[in-house]
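Some notes on the structure that comes next.
The values are calculated or read from the model by the stated rules, or taken from the named source; none is laboratory data. From a predicted model like this one, the values you see are computed outputs, not experimental measurements. Every residue, glycine among them, receives a Cβ derived from its backbone with ideal geometry; neighbour counts consider all protein chains shown. Side chains are part of the model used for accessible areas, which takes the heavy atoms of the whole protein and leaves out ligands, DNA and RNA. Shrake-Rupley method; radii C 1.70, N 1.55, O 1.52, S 1.80 Å.
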Amino acid sequence: MRWADVKEVFAFKRDIFSVDLICIGFRTSDEGHYFEIDEQMPGYDSVVAALPQAFPGFDDNWWCKVAYPPFKTCFCSMWGSQKMAGIWELGPKDLCKER
């Protein structure tokens, strides 16, 4: 995937029983096609460190918005045209809270 192909960068978490898994998605189409990485993958930290430089206006406060409260669905658009929440049909309870 090339940075130039990305239309939206978003974060969400999955409840995987005893812990939460922080994930980052890169939407590449208006139909909702996306690539996903998670914090357990090799290279995740390097990708996260590169995001603010690759995407001007990137939301640097995304982690706290997605991580809390624990074990609750939380979605946060961090950059680009915000369409993924609508494609996934997320409601207000699923969207991140401002911190």
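Do we have any residue at all in segment 61-74 that's in contact with a helix residue (DSSP H, G or I) (Cβ under 6 Å, 6 or more places away or on another chain) and at pLDDT below 95?
yes
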**Asked** Picking from G80, G57, G43, G86, which residue would you name as being closer than 15 Å to F26 by Cβ and exposed (fewer than 10 other Cβ atoms within 10 Å of the Cβ)?
**Response** G43
**Item:** Close pairs (6 angstrom Cβ cut-off, 6 or more residues apart or separate chains): over 17 Å from D94 (Cβ atoms) in segment 8-35, outside any strand (DSSP E or B) and open to solvent by 80 Å² or more (accessible area, probe 1.4 Å) anywhere
**Value:** F35/M1
**Prompt:** What tally of residues in segment 1-55 results from selecting those that are of a type in the set (D, E, K, R), part of a strand (DSSP E or B) and either at pLDDT 95 or above or closer than 17 Å to W79 by Cβ (or both)?
**Reply:** 4
**Matching residues, segment 19-40, being open to solvent by less than 80 Å² (accessible area, probe 1.4 Å) and farther than 16 Å from S81 by Cα** = V19, D20, L21, I22, C23, E36, I37, D38, E39
